1. Provide an ascending nm list, one decimal, of label-point separations from B:Lys181 to the equivalent residue in each further copy; define each label point as 7 Å from Cα along Cα→Cβ.
2. Which percentage, to the nearest 5, of the DSSP beta bridges contained in region B:132-189 is antiparallel?
3. What is the magnitude of the charge dipole of the protein assembly as shown about its Cα centre, with +1 placed on the Cβ of each Lys and Arg, -1 on the Cβ of each Asp and Glu, and no other charges, expressed in debye to the nearest 20?
4. Kirkwood Rh over alpha-carbon pairs of region A:157-298, then Stokes-Einstein at 25 °C and 0.890 mPa s: what D in µm² s⁻¹, rounded to an integer?
5. Subtracting the Cα-Cα distance from 0.36 nm times the residue separation, let me have the gained length for B:Glu330 to B:Gln111 in nm, one decimal.
6. Helix B:336-345 versus the longest principal axis of chain B: what angle, 0 to 90°, nearest 10, using Cα atoms?
7. For B:316-329, what's the mean count of beta carbons from other chains sitting within 10 Å of each residue's beta carbon?
8. Using a label position 7 Å from Cα in the Cα→Cβ direction, what is the ascending list of nm distances from A:Lys44 to the same site in the other copies?
There are 2 protein chains.
Amino acid sequence: MGRLEEYKDIFYPASIAVVGASANPKKLGYHCITSIIRGGFKGKIYPVNPKSAKVCGFKAYPSIKDVPDKVDLAIIAIPRHIVPEVVKECADKGVKGIVLITAGFKEAEDQIGPKLEREIAVITNQYGIKVIGPNTFGIVNLHADLNASFTPEFSMVEKGNISLVSQSGGFCHLIAPLSLKDGGGFSKIIGLGNRCNVDFADILEYLEGDPETKVISLFIEGVDNARRLFEVASRVARKKPIVVYKAGKFKTSDKASLSHTGSFAGGYDLYRAAFKQACVVTVNSSEVLLDTAKAFSLCSLPKGNRIAVISAQAGLGMIACDLCEENGLEIAVLTEETVQRIKELLPPLSIRTNPIDMGPAWYDWETCREVVKTVGIDKNVDAMVILAAYASANKPIVMELTETLKTIACQKPVVTCFPSPGNIWLREKRELESANVPVYPTPERAARVLANIVKYAEALRSKAKFATQSHL
Amino acid sequence: MGRLEEYKDIFYPASIAVVGASANPKKLGYHCITSIIRGGFKGKIYPVNPKSAKVCGFKAYPSIKDVPDKVDLAIIAIPRHIVPEVVKECADKGVKGIVLITAGFKEAEDQIGPKLEREIAVITNQYGIKVIGPNTFGIVNLHADLNASFTPEFSMVEKGNISLVSQSGGFCHLIAPLSLKDGGGFSKIIGLGNRCNVDFADILEYLEGDPETKVISLFIEGVDNARRLFEVASRVARKKPIVVYKAGKFKTSDKASLSHTGSFAGGYDLYRAAFKQACVVTVNSSEVLLDTAKAFSLCSLPKGNRIAVISAQAGLGMIACDLCEENGLEIAVLTEETVQRIKELLPPLSIRTNPIDMGPAWYDWETCREVVKTVGIDKNVDAMVILAAYASANKPIVMELTETLKTIACQKPVVTCFPSPGNIWLREKRELESANVPVYPTPERAARVLANIVKYAEALRSKAKFATQSHL
């Protein structure tokens with residue numbers, strides 16, 4: 001059975017039982033059933049609760065055994081001591097996917113938790129059931145209107161091609177609201193929790209073949225089988241970019257990891273080195289994780305590291321240049337032809353070499369477009385950063401540049417930064433992103449993602465070269 | 001004459017002439033007069049334009065000489081070649097402050113620009129006129145409803161006690177919209193541009209005594225008299241925190257600086273070292289500049305570097321710990337008493353040492369409050385980071401913690417991160433910030449500002465100690 005088939009009941013179920021579903025908002029089961037309903041799930045929904053005949057308008061069943069039809073996915077949010085029993089009932093019912101929300105297993109500071117988790121592992125492995133969790137916030141598949149979590153608001157996240165796999169549910173609750181502010185469309189959002197029988201490597205293999213995932217982003221605390229993770233990541237990263245944020249860099253968070261999801265974080269530097277070897281892009285902040293994933297989601301891969309920086313305000317251009325150079329990018333030396341053309345276009349009051357500052361020409365849209373287009377086709381330029389902060393006099397600039405930027409973005413990556421107050425430029429920014437031109441809130445963030453996608457493209461090229469040489 | 005008096009006509013004018021004011025939105029003068037009007041300026045407004053009898057509803061005058069009353073501040077946005085003549089007219093009129101928007105002077109790639117700027121300097125120095133600019137976006141004083149810039153939207157920025165002084169107007173156009181999203185209240189926003197006769201050191205001396213400025217943030221490209229800047233900064237920083245973002249770290253942006261505002265950036269590392277010596281906090285991104293200024297604006301100074309991290313989701317706590325340790329902070333060792341009390345309060349499913357994860361107790365508000373309060377009074381804790389991402393089940397958490405956090409913030413700095421989708425928690429976050437508890441969008445940003453305010457407090461203490469020893 002292929003990986004897509006193995007996880008079909010988890011990510012594309014036709015029917016769902018919510019064990020522990022409740023009409024009482026003080027119970028997690030209430031939030032689980034609400035998430036499924038408000039997520040707009042199109043399949044069948046079966047609340048399971050021995051104390052209620054109806055939950056949130058749906059007929060409820062005393063046990064999963066009593067559900068009259070087939071159940072693909074069981075979401076479980078009940079006290080931990082009855083979980084093994086319920087899991088066994090799921091097995092008997094023929095359920096193939098479980099999202100186990102309940103916490104208090106391997107990560108607990110007592111002896112009962114780990115023991116219960118081993119029991120669950122034995123049953124589910126015996127019956128070939130995939131378990132997401134325990135100790136997870138759940139999973140979300142925006143392409144299937146599936147919100148199998150305890151937070152209905154995950155369904156507000158924009159649909160797209162980024163998948164996020166996180167050991168920490170809190171991290172998913174951080175990235176989702178960030179994406180609502182800063183952009184980024186998601187496919188699957190997955191909280192692995194204690195990884196009873198589904199670990200990072202397994203999910204990577206699934207996402208490798210998932211046609212709705214183009215970019216994979218990971219938040220890792222610690223794993224038990226790092227070797228397998230690196231092997232799988234190394235293979236998958238040749239096909240799809242993987243961006244990793246590894247927590248547990250220092251001793252305190254490392255120790256905390258054990259109590260959180262049951263694994264030591266450990267060996268931060270080893271992780272980084274191994275990921276680099278595997279063509280995996282590592283980042284060190286949640287914003288950069290999201291920003292980089294968004295760039296991979298939208299941009300084509302750059303053919304080199306030579307960047308053109310064009311700004312409407314020189315200060316922003318200087319910041320972008322600093323960040324580019326700090327991250328190993330080159331500020332492109334434009335061809336003589338380009339330089340000549342720009343000198344014709346821009347008055348001597350502007351900065352006319354790369355970085356190019358349009359200065360006083362910033363409200364002469366024809367000139368702005370022509371400058372951007374001229375630099376965009378320069379053969380010495382592998383990627384571009386375009387920056388313009390809103391000022392009352394340049395209000396039309398984003399709209400005026402959109403078509404030009406879209407056209408260039410078909411050939412090479414174009415990242416932008418258009419800071420603006422209130423709701424100004426919202427529509428324009430959305431249009432740019434829908435045309436594969438990502439927009440970032442600061443010049444630093446725009447330049448940094450460019451460095452990350454260049455790094456990935458270079459790593460791929462160097463692997464390909466090595467492979468070719470090995471054949472000689 | 002004291003500094004406050006010297007700059008009174010610039011920052012608190014009773015009457016303003018806008019030279020070049022126009023009803024034509026294609027002219028910068030249109031945006032200048034609009035900014036003054038929409039900013040709600042309470043004093044007298046005199047448009048100066050030889051071709052119009054009225055501009056935007058105000059009677060216009062052919063020249064500043066024709067204005068019937070005294071003019072405190074002249075905002076000038078006219079072609080560069082007539083600027084010296086108009087400046088002389090201002091001098092004759094008795095104007096003591098000029099905001100010179102026009103560009104194309106010292107920074108221009110021709111010989112005319114620098115010559116014109118020298119002429120302006122001679123006249124204004126002779127008459128004791130202070131000039132902000134030329135080549136500036138202007139200035140904003142939110143405490144005087146004064147928007148002497150070409151962007152009316154600066155008046156949307158929240159009023160507060162942070163002043164921003166920037167060589168680049170673009171940078172002000174970046175920070176203002178960021179502050180609308182991420183918080184931070186401003187006093188003065190000042191674009192220095194070419195610094196004809198008002199440089200960073202002068203403005204620092206002014207802000208040193210300005211009762212409406214508590215924190216000073218600077219964006220510097222390059223200055224001509226670095227020694228004086230460091231001397232003044234060193235004195236001012238003992239009274240008010242100064243946060244500096246220095247551009248021109250690498251060669252390209254360094255070169256760009258000359259063409260932008262007429263000075264080489266140069267010597268990045270020397271700047272950093274000199275600022276450190278002067279107790280000035282240096283940062284390397286626009287977000288961190290704003291975040292740090294906001295922390296200084298709201299928080300009391302920490303007495304040491306021992307941090308307590310309390311989270312509702314362990315993943316966020318781990319991230320915050322990593323950032324703290326990476327930036328030289330210590331994760332506090334809680335007193336035996338505190339540890340004991342927390343073990344009574346939290347079940348063994350939570351992480352009960354610092355970092356503390358409230359885990360399953362996150363919707364038992366009484367317990368949450370008690371944990372936060374217990375840690376807040378621990379004598380081993382100098383500052384706190386509180387983190388909770390919104391999840392449907394913990395919606396009341398911010399409201400429930402607000403009073404406790406407010407109380408602790410009177411004694412020691414408390415920074416927080418409460419990621420939430422859409423408009424959720426907006427009101428709660430505003431209330432926290434109005435009670436001196438800053439809220440940040442990510443755990444990294446929360447922890448990083450704590451590192452910066454600790455660094456400043458440590459630098460002050462070490463200077464004080466040195467001063468005491470010198471007296472022995």
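Every number in this text was worked out from the coordinates using simple rules, so none of it is lab data. Just so we're clear, the structure is a prediction, and the values are computed from it rather than from any experiment. No Cβ is skipped: glycine too gets one built from the backbone with ideal geometry, and neighbour counts run over all protein chains shown.
1. Spacings between copies for this position, smallest first, are 0.7 nm.
2. On the way: 6 of 9 bridges.
Expressed as a percentage, antiparallel bridges in region B:132-189 total about 65.
3. For this selection, approximately 320 debye.
4. D, rounded to a whole number, is 166 µm²/s.
5. Working it through step by step, the gained length comes to 73.2 nm.
6. 80
7. The shielding value for this peptide is 6.
8. Label point to label point, same position, other copies: 8.3 nm.
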